[in-house]
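The values are calculated or read from the model by the stated rules, or taken from the named source; none is laboratory data. Since we're looking at a predicted model, the values are computed, not measured. Cβ placement follows ideal geometry from the backbone for every residue including glycine, while neighbour counts extend to all protein chains displayed.
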Amino acid sequence: MKTALIVLDSKAMTFILQKMLEDLGFSVFVRSDLETAHDLLGQENSPDVVFLDKTIHEEPTASLIQTFPNIKFIYVSKETAPEQIQAALDLGATEYIMKPFDHDILQSKLSLVGLL
Amino acid sequence: MTPNDFKFIAELLKEKSGFSLTANQIYLLESRLGPILRQNNLISLEDLINSLRLNNVELRDSVIEAVSINNTRFFRNKYVFTAIEGFVKACLEEKPLTKKIKILSAGCASGQEPVSIAILLQEMNLPSDVKIDVYALDMSKQIIARAKQGTYTHYEVQKGLSIQSLLKYFIQQEEAWKLKPEILKNIHYQVHNMMKPLYEKNFDVVLCRNMLSYMTETAQKTAISHIENSLEEGGLLIIGASETLHDNPNFEKIPGQLGCYRFIGTPSMPQKEQNTAWTLIKKPLFKPAVPNRKIP
């Protein structure tokens with residue numbers, strides 16, 4: 001079973017995304033901050049994909065992404081300006097979901113990163 | 001909607017567009033006709049049908065358009081784009097003097113398919129003197145007018161298109177995203193009903209996906225015969241994976257490629273050209289698609 005980790009500020013968004021991912025057959029972990037997430041990533045059953053939001057401070061995010069090159073990192077953000085999206089890609093994000101989004105978009109993005 | 005009303009609309013669609021509606025699509029029909037009632041200030045479906053019976057041509061065209069619009073997304077079925085990429089590469093290897101690649105997307109709806117093809121060809125870095133022409137047809141005037149603008153919603157651009165391609169080929173315009181002119185200029189949109197012969201000829205590739213399955217068998221054969229007249233010998237025809245060409249002898253199924261057929265020519269074609277096509281068949285024009293191949 002594929003696993004996903006959600007590290008988002010919004011509890012409501014975390015809840016919705018978790019349900020959507022479970023519907024798609026993912027086993028989902030939720031962490032509220034980067035430090036505990038970092039611990040989970042170091043484990044044997046490391047997640048295949050991590051969902052992050054743009055409010056996470058840039059430095060630790062960049063170092064986190066670079067530490068785990070085999071994990072797909074997908075940003076979920078309401079920021080839709082091309083320069084903001086590019087900034088996330090420069091940090092090492094594999095994909096970017098602009099909010100609001102639906103089940104089809106999530107499915108399409110997971111397919112683009114090779115997880116569906 | 002009464003069974004008689006349904007029958008009337010189903011027959012009208014069949015006659016004018018070749019579309020075949022089955023009795024279990026009554027819900028689809030009702031949901032698609034709702035917006036037409038509002039646009040034309042009609043109170044009920046009964047009013048709509050009465051107007052249609054009075055031969056209101058404009059209203060009839062709106063009904064045909066509304067029922068025939070299908071959902072679409074960018075790079076729908078990745079294997080199709082892998083097949084096109086392989087075919088175009090093979091064509092250029094086979095005929096290095098090729099100066100034009102001509103591709104048709106029949107039933108293009110709001111344009112996601114032709115846009116995906118144009119992006120794919122752009123990403124292939126073809127020689128600079130090779131001209132790319134993507135023709136895109138749909139029988140809906142409204143949807144072609146929309147496709148010509150090249151503007152897609154926040155939701156549409158997130159379906160099938162990678163974020164890298166979005167940034168590379170689209171410009172953000174308030175809430176929407178507009179395709180860059182250098183890609184849009186390669187796509188020629190036209191209103192066209194596949195029951196009529198195609199104006200353009202000599203296509204290297206024709207895509208006609210998820211359209212045949214909505215047509216009667218007779219209409220499917222008519223549409224395919226028009227494609228035959230416009231497809232180069234040895235050219236590639238791609239139909240939906242669940243669709244069929246009804247054992248048409250002028251096409252050869254390409255092994256391992258869902259819905260992909262090579263046009264081997266019709267008996268009426270000159271003998272010399274037919275020989276060329278048969279020579280081409282002996283050797284595969286492109287390698288089978290690589291599974292999970294990443295499309296940008």
Within the range A:47-55, does at least one residue satisfy the condition of being away from every other protein chain (no Cβ under 14 Å) and surrounded by fewer than 16 Cβ atoms within 10 Å (Cβ to Cβ)?
yes
Can you confirm whether the range A:3-13 contains a residue that is in a loop (DSSP other than H, G, I, E, B), touching a strand residue (DSSP E or B) at 6+ places or on another chain (Cβ under 6 Å) and among the aliphatic types (A, V, I, L, M)?
no
Residue check, residue A:28 against (1) β-branched (Val, Ile, Thr); (2) within 14 Å of chain B (Cβ to nearest Cβ); (3) outside any helix (DSSP H, G or I); (4) in contact with a helix residue (DSSP H, G or I) (Cβ under 9 Å, 6 or more places away or on another chain), all met but one. Which one?
(2)
The range B:142-183: number of residues that are of a type in the set (A, V, I, L, M) and in contact (Cβ under 8 Å) with a residue 40 or more places away in the chain
7
Test residue A:85 against the stated conditions and say whether it is crowded, with 16+ Cβ neighbours inside 10 Å, within 11 Å of chain B (Cβ to nearest Cβ) and not in a strand (DSSP E or B).
yes
Is the range B:9-23 home to any residue that is under 20 Å from residue B:109 (Cα atoms), in contact (Cβ under 8 Å) with a residue 24 or more places away in the chain and polar (S, T, N, Q)?
yes
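Listed here are the residues, each with its yes/no results for (1) at pLDDT below 85; (2) among the β-branched types (Val, Ile, Thr).
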{"residue": "B:218", "(1), (2)": "no, yes"}
{"residue": "B:224", "(1), (2)": "no, yes"}
{"residue": "B:248", "(1), (2)": "no, no"}
{"residue": "B:263", "(1), (2)": "no, no"}
{"residue": "B:275", "(1), (2)": "yes, no"}
{"residue": "B:279", "(1), (2)": "yes, yes"}
So is residue B:245 surrounded by 14 or more Cβ atoms within 10 Å (Cβ to Cβ), aliphatic (A, V, I, L, M) and touching a strand residue (DSSP E or B) at 6+ places or on another chain (Cβ under 6 Å) or not?
yes
Across the range B:57-105, what is the total count of residues that are within 16 Å of residue B:233 (Cα to Cα), at pLDDT below 90 and either in a loop (DSSP other than H, G, I, E, B) or of a type in the set (Val, Ile, Thr) (or both)?
2
Among the helices (runs of 4 or more DSSP H) confined wholly to the range B:133-189, which include 1 or more residues that are more than 14 Å from chain A (Cβ to nearest Cβ)?
B:141-149, B:181-184
Check B:128, B:110 and return the single one that is assigned to a loop (DSSP other than H, G, I, E, B), under 27 Å from residue B:192 (Cβ atoms) and modelled with pLDDT of 85 or more.
B:110
